[in-house]
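A.B. asks: One structure, pasted below without further comment.
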């Protein structure tokens, strides 16, 4: 790997880490950057998933104030995320690459619109139990996250905002922590059973960690409604792009 490609991946990682921590859209930046270095689509996806572990680590550390006191909730959602991430990784290794391509744009587009739905009240923490359908939804999104993950954060954020009366920073913090776990499980499977380009993982991980850590700081300080609109518009853009490719 050349010095130019190393710097490119560090910068792409910072941008992707920010996009992931703020809007759940990390892969739309990092995945094309890996393709630009000459990696094949499947290897780029696997390498990206492994590097994303550091984005999850950075964003979870940056989200500690919002995660305080939510240990019980995270244990339940974490189990669902871990199981979903593992299943998604298996699907990626065993099924055709385009198996989900037709349904994913619809899911992302619908979730992006759901981000804009206002909730009646916003509470600082939701430390109790989530409904079973929310846990099932976290599992389903984590399956997709382990399989490919483009805009998986938008899907999960929309689910959490719709299901609870939490503020955007708190739902975003849960989203970051849950996706970090799901992605880590998927990454472990790829390390064991697939080919990972570690020369690309290193610079991308550096950028991911920095961007992931900074993301929650921005969410904490930005006005909620403009940020919701930004997330929704970015998600719709991805849905349209993926839809044009699929159909």
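A short reminder: the numbers here are calculations on the coordinates, not readings from a lab. None of the values given here were measured: they were computed from a predicted structure. In this analysis, Cβ positions are derived from the backbone assuming ideal geometry, glycine residues included, and neighbour counts consider all displayed protein chains.
A.B. asks: At a 10 angstrom cut-off on C-beta neighbours, averaged per residue, how do the peptides 176-187, 63-74 rank from highest to lowest?
C.D. replies: Packing proxy ranking, top to bottom: 176-187, 63-74.
A.B. asks: Another one. In nm², what is the average projected area of the convex hull enclosing the Cα atoms of region 181-247?
C.D. replies: 6.8 nm²
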